[in-house]
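Visitor: Quick one: the structure is below, and I'll ask about it shortly.
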Amino acid sequence: MTQLNELLNRIQGLEKELTEELGRRRNELRYTIEKRKVYFRTEIARQHKEMAAKLSEYVYDSGFFIVLTIPIIWAPLIPAAILDIATWVYQLICFPIYGIPRVRRRDYVVIDRQALQYLNWLEKVNCMYCGYFNGLISFVREVAARTEQYWCPIRHARPVKSVHSRYRHFFEYGDAEGYRSRLAEVRKEYDDAE
């Protein structure tokens, strides 16, 4: 196993450890998740509601220039929705032909912060937008990663700032023999895909 594969496996282990720690924190913060819906204990929900900022104070405290940026922040929503639909259609048509398991969008696009009672309605809407947009980018990245694994599973020569989930399956840059002899095999290595 190469040093890079070893590092990628350690990163995957740390991600699993992070998920477990978040589960422990969920118990400490007294909420449960049932059928993808979040439930707080009654006394916690009441405390949260009392902590919600008044909308007028929230907007005033944000400042004039921040309020002016709102249209700029929200402008990408339309292209994002188009990207969402295009990615879904692409995956629906092409992945069965390539033999690639489909990416479950709901695993990436998580919109649940609007259930937090300590947020006012504007904060809830902003949190929904962020959950959608960042989740969409993660979803698209996973679809692209699986596509890259099928069509061009070769690692880059230069360092990559952040590698995607499928990178561990890629061939070393310059490994022509491995690429030619194992390409068909690598195109089918999706056992670890969630």
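Visitor: In debye, nearest 20: dipole of the chain around its Cα centre with unit charges on the Cβ of K, R (+) and D, E (-)? Intermediate results must be reported in sequence, preceding the final value.
Guide: Numbers: 30 positive and 25 negative charges, 80 e Å.
The dipole of the chain has a size of about 380 debye.
Visitor: A follow-up question, please. With the dipole of the chain worked out from charges on the C-beta (+1 for Lys and Arg, -1 for Asp and Glu) around the Cα centre, which of Tyr132, Leu8, Ala176 lies farthest toward the positive end?
Guide: Final value for the positive-end residue is Tyr132.
Visitor: For a footprinting-style exposure proxy, rank Arg41, Arg36, Arg168 by other Cβ within 10 Å, fewest first.
Guide: Details: Arg41 12, Arg36 8, Arg168 20.
Going from least to most buried by this count: Arg36, Arg41, Arg168.
Visitor: Near Lys161, which lysines are there with a Cα under 28 Å away, not counting those fewer than 8 places off in the same chain?
Guide: Lys161 reaches Lys16, Lys188.
Visitor: Give me the number: length gained by fully extending Ala52 to Lys161, i.e. 0.36 nm times residue separation minus the C-alpha to C-alpha distance, one decimal in nm. Write out the running numbers ahead of the final one.
Guide: Working: separation 109, 0.36 × 109 = 39.24 nm, distance 3.78 nm.
Fully extending the segment from Ala52 to Lys161 adds 35.5 nm.
Visitor: Quote the FRET efficiency, to the nearest 0.05, computed for Ile66 versus Gln114 with a Förster distance R0 of 25 Å and r equal to the Cβ-Cβ distance.
Guide: Approximately 0.75, to the nearest 0.05.
Visitor: What's the percent breakdown of Cα-Cα distances in the chain across 10 Å bins, shortest bin first?
Guide: 7, 24, 28, 24, 13, 4, 0
Visitor: Right, next: Compare the Cα positions of Ile72, Gln149, Leu92 along the charge dipole of the chain (+1 at Cβ of Lys, Arg; -1 at Cβ of Asp, Glu; about the Cα centre) and return the one farthest towards the positive end.
Guide: Positive-most Cα among the choices belongs to Leu92.
Visitor: With label points built 7 Å along Cα→Cβ from the Cα atoms of Met128 and Tyr98, find their separation and express it in nm.
Guide: Label at Met128, label at Tyr98, 3.3 nm between them.
Visitor: In what sequence do Thr19, Thr147 fall when counting other Cβ within 10 Å, fewest first?
Guide: Values: Thr19 9, Thr147 17.
Listed from fewest to most nearby Cβ atoms, that is Thr19, Thr147.
Visitor: Quick one: if the Förster radius is 35 Å, what FRET efficiency do Ile137 and Glu177 give, using the C-beta to C-beta distance and rounding to 0.05? It would help to have the intermediate numbers written out before the result.
Guide: Details: r = 36 Å, r/R0 = 1.01.
With R0 = 35 Å, the Cβ-Cβ based efficiency is 0.50.
Visitor: Let me ask another. Among Asp191, Asp84, Asp107, which comes first, then next, by fewest other beta-carbon atoms within 10 Å? Don't skip to the end; give the middle numbers.
Guide: On the way: Asp191 6, Asp84 18, Asp107 12.
Going from sparsest to densest Cβ surroundings: Asp191, Asp107, Asp84.
Visitor: Given R₀ = 25 Å, FRET efficiency for Thr2-Ala144 by Cβ-Cβ distance, to 0.05?
Guide: Working: r = 24 Å, r/R0 = 0.94.
With a Förster radius of 25 Å, E is 0.60.
Visitor: At 222 nm, what value in deg cm²/dmol follows for the chain if DSSP H runs of at least 4 each add -39500 (n - 2.57) and the sum is divided by all its residues, to the nearest 500? Please list the in-between numbers first.
Guide: Values: 8 runs with 117 residues, N = 194.
One gets -19500 deg cm²/dmol as the mean residue ellipticity at 222 nm.
Visitor: Relative to the longest principal Cα axis of the chain, at what angle does helix 176-186 sit, 0 to 90 degrees, rounded to 10?
Guide: 60 degrees
Visitor: So what's the gap between the Cα centers of the range 103-137 and the range 147-185, to the nearest angstrom?
Guide: Computed from Cα coordinates, the inter-centre distance equals 33 Å.
Visitor: Report Rg(Cα)/(2.2 N^0.38 Å) for the range 1-51, keeping two decimals. Kindly include the intermediate steps, with their values, before the conclusion.
Guide: On the way: Rg = 17.2 Å, N = 51, 2.2 N^0.38 = 9.8 Å.
It is 1.76.
Visitor: Which residues' amide hydrogens lie under 5 Å from the amide hydrogen of Phe171, considering only partners 5 or more residues apart or on another chain, with H built in the peptide plane?
Guide: Under 5 Å from the amide H of Phe171: Ile154, Arg155.
Here, each number is a calculation from the coordinates, and none is a lab measurement. Only a predicted model underlies this, so the values are computations on that prediction, with no experimental measurement involved. We place every Cβ from the backbone using ideal geometry, glycine too, and count neighbours over all the protein chains shown.
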